[in-house]
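Here's the structure we're looking at; comments come further down.
The values are calculated or read from the model by the stated rules, or taken from the named source; none is laboratory data. These numbers come from a predicted model, not from an experiment. No Cβ is skipped: glycine too gets one built from the backbone with ideal geometry, and neighbour counts run over all protein chains shown. Ligands, DNA and RNA are stripped out before the accessible areas are found, and what is left, the full protein with its side chains, is counted by its heavy atoms. Shrake-Rupley method; radii C 1.70, N 1.55, O 1.52, S 1.80 Å.
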Amino acid sequence: MTVFPLMGEHDYEKLVFCNDNDSGLRAIIAIHDTTLGPALGGIRMLPYATEEEALNDVLRLARGMTYKAAISGVDLGGGKSVVIGDARTDKNPALLRAMGRFIDTMAGEYIAGQDIGTNSHDMAVIRGATRHVSCVNESAGGAGDPSRTTAYGVSCGIRAVLKATNGSDSIGGRHIAIQGLGNVGFALARFCHEAGARLTVTDIYEPVLAKAASELGAEVVGPDEIYDVECDVFSPNSIGAVINDDTIPRLRCPAVAGGANNALAEDRHGDELKAGGIVYGPDFLVNAGGLIRSQEEVNGRATEDFTVYSKVANIYDQTLQVIAMADELGISTARAADWMAEERIAAAKGR
Ligand code: NAD
């Protein structure tokens, strides 16, 4: 595996490989760009099959954070970390503290948070070793899990793509197909249900499906069937790369918007959605709610108040702006969003 060409391709600033034999920690911290501020991004813990898979994931996710902050007007840079291991069996306080010590060596250049495989209680353990961590659980004095704020932002993105495809931004009476009912997906399902939507949902974890059916009246389909559901919006909220060569021809919806990071397998899949007449709410724009809240947390401000939610609500206008720009230029919304984010960073660099 050759690292520098990978870093050079998208101008990554720094990669830190972390090893601790005592706790079994093997992790990679990636800093993509700190032009706008210190790099903030979650710690993802997954049993990656290879080191290469872990490296590719952390690089892609770190870059996504740069773009997310830039397009959202947040003064933070982009970073991310991955821990190689199974969160259910390999995660323990010693491993988390070791991770915290590595984060601390970066002296605030990287600020950690929760992601898949980690939670706000883990962040409290990490805070024992470093103060450069967000999303610490409320009982330990932190702001806690940002997922509900993220889900609210995704619901704003969904309203925007509905507006673009139907002329009305009302979720009431619309059919939303939700893939993944984890922290973001379930909160999103609840927002949509409370707004009067009809829901079809899927997950690979059976208990959340039963809960969604009983509490939200959701129809449940198998993990692979969700792509074939005729609906108003398909909302990916689980793993990345679900919009790909296999799934695009199956989609029976006029719009896609969800919380999942890197939902497009490749940039060209954004072009293919556009060619197929499907309006795409770019992932790093519609899922920026948690990051917007994290900025408040990092700056020591309240995180669940009206100010935060009104900032997150801007995702609606921004998504409509990106859709309008993409239409005007004849490009995909994903490329329009990239361009807007890159413009802000270039302006900050004085280019
Ligand atoms: P989570 O781990 O709580 O939930 C993910 C859910 O997806 C789980 O219920 C899991 O069982 C399910 N899942 C996994 N593979 C699946 C598959 N093949 N088909 C259907 N379901 C599957 O994670 P989360 O915090 O809800 O995050 C979801 C996505 O949103 C991730 O891509 C994450 O990076 C992104 N995101 C999260 C936040 C946040 O605030 N939590 C912010 C921005 C982006």
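Computed over the Cα atoms of the chain, the ratio of the radius of gyration to the Kirkwood radius (Rg/Rh) comes to 0.95.
The fraction of accessible area contributed by carbon and sulfur in the stretch 143-229 is 48 percent, rounded to a whole number (1.4 Å probe; ligands and nucleic acids excluded).
Helix 306-329 axis versus longest C-alpha principal axis of the chain: approximately 60°, rounded to the nearest ten.
Accessible area per residue for the chain, computed on protein heavy atoms with a 1.4 Å probe, is 41 Å². Expressed as a whole percent, the accessible surface of the stretch 3-140 that belongs to carbon and sulfur atoms is 48, based on a 1.4 Å probe. Within a straight-line Cα-Cα reach of under 19 Å, Lys311 can be paired with the following aspartates and glutamates, leaving aside sequence neighbours fewer than 8 residues apart in one chain: Asp75, Asp145, Asp169, Asp283, Glu296, Glu297.
Between Met325 and Ala94, the FRET efficiency estimated from the beta carbon spacing at R0 = 35 angstrom works out to 0.10. Working note: Karplus 6.51/-1.76/1.60 with θ = phi - 60° gives the stretch 203-212 the couplings 6, 9, 10, 3, x, 6, 5, 4, 5, 5 Hz, where Gly and Pro are set to x.
Between Glu138 and Asp246, the modelled label-to-label distance comes to 4.0 nm, taking each label 7 Å out from Cα in the direction of the beta carbon.
Calculated FRET efficiency, Ser170 and Asn299, Cβ-Cβ r, R0 45 Å, to nearest 0.05? Walk me through the numbers on the way to the answer.
Values: r = 34 Å, r/R0 = 0.76.
The value I calculate is 0.85.
Each peptide among 138-146, 182-190 gets the average number of other Cβ atoms lying within 10 Å of its residues, and from highest to lowest they stand as 182-190, 138-146. The base-10 log of I(q)/I(0) for the stretch 3-140, evaluated at q = 0.10, 0.13 Å⁻¹, reads -0.28, -0.48 [Debye formula, identical scatterers on Cα atoms, solvent excluded]. Computed extension gain for Ser310 through Ser214, at 0.36 nm per residue and net of the alpha carbon distance, reaches 31.4 nm.
Against the main long axis of the alpha-carbon atoms of the chain, helix 51-72 sits at an angle near 70°. Taking 0.36 nm per residue of separation and subtracting the current Cα-Cα distance, fully stretching the chain between Glu52 and Asp86 would add 10.6 nm.
Distance between the 7 Å Cα→Cβ label points at Met1 and Ala275: 3.2 nm.
Modelled spin labels at Glu342 and Glu206, positioned 7 Å past Cα toward Cβ, are 4.8 nm from each other. Straight-line cross-link reach from Lys91 at under 20 Å between alpha-carbon atoms covers these lysines, not counting any fewer than eight positions away in the same chain: Lys80.
Entry note, the chain: the mean residue ellipticity at 222 nm calculated from DSSP H runs of n ≥ 4, each adding -39500 (n - 2.57), is -14000 deg cm²/dmol after division by the residues and rounding to the nearest 500.
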